[in-house]
1. Could you pull out the residue among D:T75, D:T36 that is among the polar types (S, T, N, Q) and part of a helix (DSSP H, G or I)?
2. For the stretch D:68-89, which residues satisfy the criterion of being under 22 Å from B:S56 (Cα atoms), within 11 Å of ligand 2 (Cβ to nearest atom) and not small (G, A, S)?
3. Which count do you get for residues in the stretch A:7-46 that are part of a strand (DSSP E or B) and either in contact (Cβ under 8 Å) with a residue 60 or more places away in the chain or within 14 Å of another protein chain (Cβ to nearest Cβ) (or both)?
4. For the stretch C:93-121, which positions are more than 16 Å from the chain's Cα centre (by Cα) and within 14 Å of ligand 1 (Cβ to nearest atom)?
5. Which of the helices (runs of 4 or more DSSP H) found entirely inside the stretch A:55-108 contain at least 2 residues meeting this: in contact (Cβ under 8 Å) with a residue 40 or more places away in the chain and within 28 Å of B:V14 (Cβ to Cβ)?
6. Could you say which residue among C:I74, C:I63, C:I50, C:I111 is crowded, with 23+ Cβ neighbours inside 10 Å, of a type in the set (A, V, I, L, M, F, W, C) and at the interface with another protein chain (Cβ under 10 Å from one of its Cβ atoms)?
7. Going through the stretch A:74-90 one residue at a time, which ones are crowded, with 18+ Cβ neighbours inside 10 Å and either at the interface with another protein chain (Cβ under 7 Å from one of its Cβ atoms) or not small (G, A, S) (or both)?
8. Collect the residues in the stretch D:8-47 that are among the polar types (S, T, N, Q) and either more than 8 Å from chain B (Cβ to nearest Cβ) or within 12 Å of the chain's Cα centre (by Cα) (or both), keeping them in residue-number order.
Amino acid sequence: MDIQIQEYKRVAVVNIVGRIDSSSSADLEASLQALVDKGKRNLVLDMSKVEFLSSSGLRVIVNAYKACKEVGQLCVAQPSERAASSLSIAGIDTLFTVYPTREAAIASF
Amino acid sequence: MDIQIQEYKRVAVVNIVGRIDSSSSADLEASLQALVDKGKRNLVLDMSKVEFLSSSGLRVIVNAYKACKEVGQLCVAQPSERAASSLSIAGIDTLFTVYPTREAAIASF
Amino acid sequence: MATRRLTIPGRLDQIEAACDCVEAGALEAGFDESTTYACQLAVAEACENIVKHGYGSGQPGDICVEVVASQGQITIRLEDSGPPFNAARRPKQPECDQNDPPVGGLGLVIIHRVMDRVTYLRRSGVNRLTMRKRMPQPSS
Amino acid sequence: MATRRLTIPGRLDQIEAACDCVEAGALEAGFDESTTYACQLAVAEACENIVKHGYGSGQPGDICVEVVASQGQITIRLEDSGPPFNAARRPKQPECDQNDPPVGGLGLVIIHRVMDRVTYLRRSGVNRLTMRKRMPQPSS
Ligand SMILES: Nc1ncnc2c1ncn2[C@@H]1O[C@H](COP(=O)(O)OP(=O)(O)O)[C@@H](O)[C@H]1O
Ligand SMILES: Nc1ncnc2c1ncn2[C@@H]1O[C@H](COP(=O)(O)OP(=O)(O)O)[C@@H](O)[C@H]1O
């Protein structure tokens with residue numbers, strides 16, 4: 001898994017590339033926590049390059065969602081079919097606003 | 001010239017494809033005016049696909065800039081080399097904030 | 001009918017190999033991309049639970065993976081030597097409340113959502129979890 | 001030394017043809033892409049002025065374009081039969097004030113910024129504007 005972060009004035013975009021599973025979810029957690037700790041609470045997760053997303057990854061994402069939701073929002077941009085599948089199989093797809101492009105996600109804030 | 005407009009909550013992105021010259025600038029003017037009339041004053045001009053930009057086009061853009069600047073801003077995203085050349089030869093490149101990507105332009109609002 | 005067998009050490013970084021084995025079986029069974037992915041996800045969840053909850057606190061051990069594929073169907077069998085745990089018990093789907101969404105307990109939900117039949121057997125200190133998935137085939 | 005000649009009706013939608021002619025000449029002169037573009041821009045501005053200000057109110061007419069290219073240099077000559085206008089007079093660059101930026105008067109600025117030498121001659125009811133551009137060539 002590789003994580004690229006682009007920080008803008010009002011929003012940070014986290015591009016996650018590869019597998020988010022039990023052996024990599026801690027890295028994602030650390031990256032998201034660092035943003036939250038810096039006060040970034042408007043987060044876009046670009047999931048277009050996510051190849052695998054297991055419940056460990058979902059847990060990290062849900063936790064970040066909770067950390068953001070009082071003052072901001074965590075949303076999802078252009079999820080890959082597999083990422084979208086995982087969200088829907090786990091029954092948590094209703095939690096996130098999903099945008100078809102990064103741009104639309106960023107412009108929503 | 002072809003104009004594609006993407007309207008978001010806080011910003012509208014105008015993607016201009018082709019030649020902006022004396023025979024097409026009126027179309028651009030009409031598109032920008034329509035946005036301004038709707039109250040859109042945060043505009044991003046995506047100039048990545050501009051192939052030619054003459055003073056007629058510059059006049060339209062400067063007029064739109066003026067119409068936006070009291071309550072919003074008109075900025076430029078990823079100008080093609082030719083578009084950037086025209087702005088600089090005409091000596092008005094300092095007027096616009098230029099962003100390297102549409103995304104960065106949108107996130108600036 | 002083709003059978004694939006694989007034994008992996010009970011470690012998180014080994015689970016991907018179990019996924020690959022299931023992928024090969026699912027493709028052989030003629031599953032589409034989305035069903036194949038769902039099966040990989042289910043086996044990843046089952047293995048993760050074995051590593052974290054089964055072997056987590058005590059003695060580490062292996063996971064034996066067996067994937068049997070025939071046209072339109074795969075059966076995945078996992079064996080581990082952790083403490084007894086019946087993963088075939090269907091969990092209740094946690095409610096997805098916007099204000100308090102579930103942060104755990106999704107692994108068993110995923111397994112049962114994806115698989116058609118999940119059975120559990122404990123014998124001679126071994127947990128055996130059998131998961132079956134059928135996919136309607138296009139009539140040829 | 002190659003000469004290209006072209007006569008276009010004095011209409012805005014014809015100007016692109018003049019640009020194409022200049023482009024061919026500039027490429028033949030060995031100009032790089034950016035200098036070539038600048039020359040196309042300059043000729044577009046000059047033609048636009050002829051159409052709008054020269055022919056705009058009165059009798060319509062043609063524009064004769066001649067492009068002479070030699071290694072590292074092009075000369076563009078435009079002839080029109082509009083009222084006398086000396087476009088070789090160097091304009092002053094309008095100040096780019098953020099609060100009141102220039103919305104017109106950029107055409108002549110562009111012509112003079114791009115071209116090295118601009119000369120004007122009025123003879124027998126014809127405006128002749130000659131614009132030259134040299135580009136330093138890589139020594140071979
Ligand atoms: N192989 C196992 N051995 C022991 N306990 C298990 C095993 N698998 C699951 N469990 C128990 O079932 C619970 C629910 O598992 P699961 O749905 O995967 O969610 P999570 O792992 O996020 O808690 C676990 O918290 C654990 O207590
Ligand atoms: N060919 C021409 N014939 C008559 N007047 C001209 C001609 N070219 C330019 N002008 C005059 O010079 C002015 C400045 O021209 P220019 O710098 O191209 O800006 P603009 O066309 O935007 O006014 C024009 O407004 C016009 O009054």
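Just so you know, all these numbers are worked out from the coordinates, no wet-lab data involved. Since the structure is predicted, the reported quantities are computational estimates derived from the model, not experimental observations. Ideal geometry is used to build each Cβ from the backbone, glycine not excepted, and the neighbour counts take in all protein chains shown.
1. Values: D:T75 fails: part of a helix (DSSP H, G or I).
Among D:T75, D:T36, only D:T36 is among the polar types (S, T, N, Q) and part of a helix (DSSP H, G or I).
2. Correct list: D:L78, D:D80, D:P83, D:F85, D:N86, D:R89.
3. 12
4. Scanning the stretch C:93-121 gives C:Q93, C:P94, C:P101, C:P102, C:V103, C:G104.
5. Working: elements: A:55-68, A:81-89, A:102-107.
Helices (runs of 4 or more DSSP H) meeting the threshold: A:102-107.
6. Unique residue meeting the criteria: C:I111.
7. A:L74, A:C75, A:V76, A:Q78, A:P79, A:R82, A:S85, A:S86, A:L87, A:I89, A:A90
8. If the condition is that a residue be among the polar types (S, T, N, Q) and either more than 8 Å from chain B (Cβ to nearest Cβ) or within 12 Å of the chain's Cα centre (by Cα) (or both), then D:Q14, D:T35, D:T36, D:Q40 are the ones that fit.
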